[in-house]
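Working notes for the structure below.
The values are calculated or read from the model by the stated rules, or taken from the named source; none is laboratory data. In this text, all values refer to a predicted model and were calculated from it rather than measured experimentally. All Cβ positions, glycine included, derive from the backbone under ideal geometry; neighbour counts span all protein chains shown. When the accessible area is computed, the model is the full protein with side chains, heavy atoms only, and any ligands, DNA or RNA have been set aside. Shrake-Rupley method; radii C 1.70, N 1.55, O 1.52, S 1.80 Å.
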Amino acid sequence: MPATRSSTRTNPLRDPRDKRLPRIAGPCSMVIFGVTGDLARRKLMPAIYDLANRGLLPPSFSLVGFARRDWATEDFSQIVHDAVKAHSRTPFREEAWRQLSEGFRFVQGTFDDDDAFDRLAQTLGELDAERGTDGNHGFYLSVPPDAFPVVCGQLKRSGLAAPEDGRWRRVVIEKPFGHDLESARKLNAVVNSVFPEESVFRIDHYLGKETVQNILALRFANQLFDPLWSAHYIDHVQITMAEDIGLGGRAGYYDGIGAARDVIQNHLLQLLALVAMEEPVSFEPSQLQAEKIKVLSATRNILPLEDNSARGQYGPGWQGSEKVCGLLDEEGFSSGSTTETFAAIALEVDTRRWAGVPFYLRTGKRLGRRVTEIALVFKRAPHLPFDQTMTDELGQNALVIRVQPDEGVTLRFGSKVPGSSMEVRDVNMDFSYGQAFTESSPEAYERLILDVLLGEPSLFPVNDEVELSWEILDPVLNAWAAAGRPEEYESGTWGPHGADAMMARTGRGWRRP
Ligand code: BG6
């Protein structure tokens with residue numbers, strides 16, 4: 001039986017609350033470990049400010065930074081201030097900032113320092129008493145996974161992991177959740193030895209994106225698409241996450257990890273799960289998770305792996321008008337690094353709905369442009385009653401979910417070219433978020449941090465999803481490890497030749513978004 005979360009929420013069909021009303025977190029505090037890191041500065045602190053600015057945090061909300069630096073609370077406050085000014089989504093309002101920053105505290109220490117964790121416990125106790133955070137505390141581990149055991153151990157030792165009755169303690173962990181199935185299992189065991197599964201929130205920030213949640217609306221709120229959503233009409237699915245940035249400054253995290261572990265194991269397999277899963281009984285977290293688990297359990301690599309996967313490493317090239325160096329010349333990467341910066345794999349979902357439909361997943365750094373999309377590419381019409389020259393420019397129909405940056409949905413189909421002949425050519429019909437809605441979308445981290453504080457687990461992968469994803473990826477990683485160096489591709493292009501060859505073997509080609 002897969003482990004799913006039980007939910008304390010009532011049946012949504014009978015729940016009288018108006019779900020359009022803003023959901024505001026109750027009294028609580030959040031501790032961030034790894035507060036000096038890039039993620040905290042660029043994403044977490046700005047998201048917390050944006051939530052406060054939107055009135056979604058309680059007045060007592062308190063934020064505690066924990067780090068080795070010899071800072072006072074004022075220094076910490078200044079760091080958050082600078083991060084918010086540089087990266088927050090909503091405008092800076094003095095009043096919102098003043099109220100939020102009154103709840104800032106900083107605790108200095110290392111992870112193996114018992115005294116520091118005792119001081120943390122004392123600080124949280126004071127916040128409960130002075131500001132009314134009420135014994136509800138979240139712990140955000142924005143730290144490398146090898147630090148999880150010691151931090152979890154300290155939270156247990158200092159009594160911080162165990163709440164009093166009616167209060168909560170939650171732990172938020174960032175990927176990578178291990179580097180293969182075995183290490184993921186060990187990591188999960190360590191975390192679960194301190195926090196019960198329902199208190200563990202694993203961040204996959206793609207699930208916090210509006211366009212990713214819209215996959216569920218598109219599929220399950222409409223009648224139009226479902227009849228087409230299967231092997232009867234779909235030829236294949238392409239899931240692309242392309243980035244134009246390189247890895248300068250990220251060697252510490254990325255070297256030895258590579259593109260497949262960095263984003264296929266999590267973001268892209270989650271996208272596949274949402275596209276391929278069956279309709280859940282409801283959007284209760286346990287129902288949604290059960291469907292994702294089912295589909296990931298049915299997902300397999302297409303064999304042989306050497307023909308159905310590709311990897312590459314970016315070499316020098318041009319990114320727009322800028323000349324850029326190759327990975328091996330980026331600071332921190334050794335000249336012998338075999339880390340892949342491009343990865344593509346072919347999967348099949350072994351169910352009645354998807355039998356015979358390949359799912360192609362690809363991701364890369366320093367590609368032609370930044371774009372994430374899911375394209376469902378349809379089979380060709382079984383018969384075309386046109387003169388063949390009239391349909392030379394007709395491709396395959398496609399439904400493209402544009403995750404970013406130009407968020408929306410595109411339907412691609414053939415249309416008559418104006419004129420006296422019956423020439424048919426591809427055209428696009430577009431839905432664009434920017435044009436259809438006036439509200440701008442919250443950042444993924446706003447949504448996810450708020451959900452942690454509310455105890456709403458729907459958008460967080462459970463243990464089984466993580467392990468199943470590693471089960472899918474491990475054989476590919478092992479095959480690559482045995483195969484030597486990845487192929488070099490020129491920066492600013494769409495990846496290694498091997499990726500094109502992999503598609504060409506099946507008579508298909510990658511989309512050029
Ligand atoms: C992260 C990866 O999870 O996602 C990064 O570790 C990647 O390598 C980033 O750059 C991309 O996120 P987004 O939201 O910009 O697509």
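What FRET efficiency comes out for Thr506 versus Gln122 if R0 is 60 angstrom and r is the Cβ-Cβ distance? Round to the nearest 0.05.
For R0 = 60 Å, the calculated efficiency reads 0.45.
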* What angle, in degrees between 0 and 90 and rounded to the nearest 10, separates the Cα long axis of helix 73-87 from the longest principal axis of the Cα atoms of the chain? -> 20 degrees
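Compute the Kirkwood hydrodynamic radius of the stretch 43-158, taking the inverse of the mean of 1/r over all pairs of distinct Cα atoms, and give it in Å to one decimal.
Details: mean 1/r = 0.0667 Å⁻¹.
With all distinct Cα pairs of the stretch 43-158 included, I get 15.0 Å.
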* Structure fact -> The helix 114-131 Cα axis meets the longest alpha-carbon principal axis of the chain at an angle in degrees, between 0 and 90 and rounded to 10, of 80 degrees
* To do: Using the Karplus curve 6.51 cos²θ - 1.76 cosθ + 1.60 with θ = phi - 60°, work out ³J(HN,Hα) for each residue of the stretch 498-513 in order, rounded to whole Hz, and write x for Gly and Pro.
  => x, 5, 5, 5, 4, 6, 4, 4, 9, x, 10, x, 5, 6, 10, x
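For every helix of n ≥ 4 consecutive DSSP H residues, a contribution of -39,500 (n - 2.57) applies; sum these over the chain, divide by its total residues, and give [θ] at 222 nm rounded to the nearest 500 deg cm²/dmol.
Working: 14 runs with 152 residues, N = 513.
Calculated from helices alone, the mean residue ellipticity at 222 nm is -9000 deg cm²/dmol.
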* Can you send over the solvent-accessible area of Ile245, 1.4 Å probe, protein chains only, in Å² to the nearest 10? => 90 Å²
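Under a Cβ-Cβ cut-off of 11 Å, what is the net charge of the residues other than Ser60 that fall near it, where Lys and Arg count +1 and Asp and Glu count -1?
On the way: positive: Arg131; negative: Glu102, Asp128, Glu130, Asp134.
Net local charge, Ser60 excluded: -3.
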* Whenever you get a sec, compute what percent of the accessible area on the chain sits on carbon and sulfur atoms (1.4 Å probe). => 50 percent
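Indicate the gyration tensor shape class of the stretch 154-193 (rounded, prolate or oblate), computed on the Cα atoms with a ≥ b ≥ c the square roots of the eigenvalues: a/c under 1.5 is rounded; otherwise a/b larger than b/c is prolate and the rest oblate. Intermediate values should be presented prior to the final figure.
Details: a/c = 2.99, a/b = 2.39, b/c = 1.25.
Here the stretch 154-193 falls in the prolate category.
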* Out of residues 5 or more away from Asp235 or on other chains, whose amide H comes under 5 Å of its own, with H placed 1.01 Å from N in the peptide plane? -> Val377, Phe378, Lys379
* **Dipole magnitude (debye, nearest 20) for the chain, charges at Cβ of Lys, Arg, Asp, Glu** => 940 debye
* Multiply the residue separation of Val190 and Leu454 by 0.36 nm, subtract the distance between their alpha-carbon atoms, and state the gained length in nm to one decimal. => 92.6 nm
* Nitroxide proxy distance, nm - points 7 Å out along Cα→Cβ at Leu384 and Phe220 -> 3.8 nm
* Structure fact -> In Å², rounded to a whole number, the accessible area per residue of the chain with probe 1.4 Å is 45 Å²
* Structure fact -> Over 31 Å (Cα to Cα) among Lys156/Lys294; Lys85/Lys292; Lys19/Lys43; Lys43/Lys156; Lys85/Lys365 -> Lys156/Lys294; Lys85/Lys292
* Rounded if a/c under 1.5, otherwise prolate or oblate - the stretch 114-220, Cα gyration tensor axes -> oblate
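Would you mind giving the three semi-axes, in whole Å and largest first, of the ellipsoid equivalent to the stretch 239-377 according to its Cα gyration tensor?
Details: eigenvalues 208, 48, 40 Å².
Result for the stretch 239-377: semi-axes of 32, 15, 14 Å.
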* Could you give the dipole magnitude of the stretch 204-260 about its Cα centre, charging the beta-carbon of Lys and Arg +1 and that of Asp and Glu -1, in debye to the nearest 20? -> 100 debye
* Could you work out how far the C-alpha centroid of the stretch 139-165 sits from that of the stretch 278-355, in angstrom? => 31 Å
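Find me the longest stretch of the chain that has none of the exposed GluC sites (Glu not before Pro), where exposed means in a DSSP loop (not H, G, I, E or B) with at most 15 other Cβ atoms within 10 Å. Walk me through the numbers before you get to the answer.
Details: sites that count: Glu102, Glu164, Glu278, Glu306, Glu331, Glu393, Glu439.
Result, exposed sites excluded: 165-277.
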* Point-charge dipole on Cβ atoms (K/R +1, D/E -1) for the stretch 168-232, about Cα centre, debye to 20 -> 160 debye
* Structure fact -> Once His205, His236 are ranked on solvent-accessible area with the largest value leading and a 1.4 Å probe, the list reads His205, His236
* Helix 463-481 axis, angle to the chain major axis (alpha carbon atoms, nearest 10°) -> 60 degrees
* Accessible surface ranking that places the most exposed of Ser309, Ser297, Ser321 first, with a 1.4 angstrom probe -> Ser321, Ser297, Ser309
* Structure fact -> For the stretch 291-307, in residue order, the Karplus 3J(HN,Hα) values (coefficients 6.51, -1.76, 1.60; θ = phi - 60°; whole Hz; Gly and Pro = x) are 5, 5, 5, 4, 6, 5, 5, 9, 8, 9, 6, 7, 9, x, 4, 5, 8
* Compute the convex hull volume of the Cα atoms of the stretch 90-143, divide it by the residue count, and report the result per residue in Å³ as a whole number. => 117 Å³
* Asked: Mind checking the log10 I(q)/I(0) for the chain at q = 0.07, 0.14 Å⁻¹? Debye, one equal scatterer per Cα, no solvent, two decimals.
  -> -0.42, -1.56
* Each residue of the stretch 140-149 in turn: what ³J(HN,Hα) in whole Hz from Karplus with 6.51, -1.76, 1.60 and θ = phi - 60°, glycine and Pro shown as x? -> 9, 8, 8, 9, x, x, 5, 8, 4, x
* Return the distance in nm (one decimal) between the two label points of a simple spin-label model at Thr36 and Ala147, each offset 7 Å from Cα along Cα→Cβ. => 0.9 nm
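Thr410: net charge of surrounding residues, Cβ under 12 Å, Lys/Arg +1, Asp/Glu -1, itself excluded? Could the numbers behind the result be given before it?
Values: positive: Arg402, Arg412, Arg511; negative: Glu373, Asp406, Glu407, Asp426, Asp430.
Local net charge: -2.
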* Asked: To the nearest Å, what is the center-to-center distance of the stretch 200-237 and the stretch 24-70, using C-alpha atoms only?
  -> 31 Å
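Which shape class, rounded, prolate or oblate, goes with the stretch 154-300 when its Cα gyration tensor gives a ≥ b ≥ c as root eigenvalues, a/c under 1.5 marks rounded, and past that a/b bigger than b/c marks prolate?
Working: a/c = 2.25, a/b = 1.35, b/c = 1.67.
Oblate shape, in that a/c is at least 1.5 and b/c is the bigger or equal ratio.
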